[in-house]
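Notes follow once the structure below has been shown.
Laboratory data are not the source of any read-out in this text; all were calculated from the coordinates shown. These figures come from a predicted structure and were not determined experimentally. Quick reminder, even Gly has a Cβ in these numbers, built from the backbone with ideal geometry, and neighbours come from all protein chains shown.
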Amino acid sequence: MKNSVLDVLYQRTSLRVYDDRPVTKEEEDAIIKSAIQAPTAGNQMLYSMIIIRDQKRKERLSELCDHQPFIAKASLVIVFVADHHKWFDYYEKNDVPAFAKRSGLSFEAPQESDLLLAIEDAMAAAQNSVIAAESMGIGSCYIGDILENFEEIQKLLQLPSYTFPISMLCYGHYKKDHTRKFRTRFDKKFVVFEDTYRQLSDEEYAEMFQDQETIYRPENPYGAKNYAQQFYARKTGASFCKEMARSVRVALKGWDGRKK
Ligand SMILES: Cc1cc2nc3c(=O)[nH]c(=O)nc-3n(C[C@H](O)[C@H](O)[C@H](O)COP(=O)(O)O)c2cc1C
């Protein structure tokens, strides 16, 4: 199978070094329009996109998101926010709580399920924007570390209740001499199952990780005895991941269905 959309999808890699040419207003408008065109649960558009215009704010975000300087150098930076604030406000302004009581319906503030649905919406929009950008020769990179330092990010972006900054994207033009580095993926047999989940055998795990295991270094600084230990020390068990866990736990406190 071959077509121009598949070409764009297969050519995309994350871009972290950007050309000096700015993303134009026209390009930005197309990126935003494509994001908005993404599917959205109940057509509710349970998200907001905050375009970071202010350079100082970009710099602060690059620090708060695990010190990644390239964020501050991106021409366009957008924070994707899972957002039930607007709908909840709208319900309250239109006497939905009293109506719900009269009608024997319970009325609850947004809760975990609402958050997950809003995240689905926000990420569908985000990924549409990535592909739209790529189709115009603009590379991008997700910043998952926006999940860290919730309290400061909440203040910096003035996020109200029932919002959750789920991802950030940096966009910028490719440098003329940029060479794409394609990172390998697990073989599809390890991620595509039919009808039910399939537990992988020890032999399959060995095969699944065999490519990645080539980057295990016995002389690694963590004293790790194999690739899994090395990866855990560098990522899952590292301090930035611990900070992410703490930060998300704080952010989740507002999403328990009880009105504060
Ligand atoms: C949810 C998510 C969070 C990510 N966070 C970061 C990040 O904070 N910094 C970064 O440099 N890359 C980040 N990435 C990019 C991944 O590292 C990248 O997609 C992965 O290594 C595969 O490489 P590729 O996109 O070039 O194929 C993130 C990607 C996703 C989907």
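Looking at residue 89, is it in a helix (DSSP H, G or I), crowded, with 20+ Cβ neighbours inside 10 Å and not small (Gly, Ala, Ser)?
For residue 89, the condition - in a helix (DSSP H, G or I), crowded, with 20+ Cβ neighbours inside 10 Å and not small (Gly, Ala, Ser) - is not met.
Please work out if residue 184 is within 13 Å of the ligand (Cβ to nearest atom), surrounded by fewer than 14 Cβ atoms within 10 Å (Cβ to Cβ) and free of Cβ contacts under 8 Å to residues at least 12 places away in the same chain.
For residue 184, the condition - within 13 Å of the ligand (Cβ to nearest atom), surrounded by fewer than 14 Cβ atoms within 10 Å (Cβ to Cβ) and free of Cβ contacts under 8 Å to residues at least 12 places away in the same chain - is not met.
Test each condition in (1) free of Cβ contacts under 8 Å to residues at least 40 places away in the same chain; (2) of a type in the set (Lys, Arg); (3) surrounded by 16 or more Cβ atoms within 10 Å (Cβ to Cβ) for residue 73 and report the one that comes out false.
Among (1) free of Cβ contacts under 8 Å to residues at least 40 places away in the same chain; (2) of a type in the set (Lys, Arg); (3) surrounded by 16 or more Cβ atoms within 10 Å (Cβ to Cβ), the lone unmet condition for residue 73 is (1).
Out of the helices (runs of 4 or more DSSP H) lying entirely within the range 96-181, which hold 3 or more residues that are crowded, with 16+ Cβ neighbours inside 10 Å and away from the ligand (no atom under 13 Å from the Cβ)?
Filter on the range 96-181 gives 112-135, 150-156.
Sort out which residues of the range 1-33 are of a type in the set (Gly, Ala, Ser) and in contact with a Lys or Arg (Cβ under 9 Å, 6 or more places away or on another chain), and write them in order of number.
Within the range 1-33, just 14 meets the criteria.
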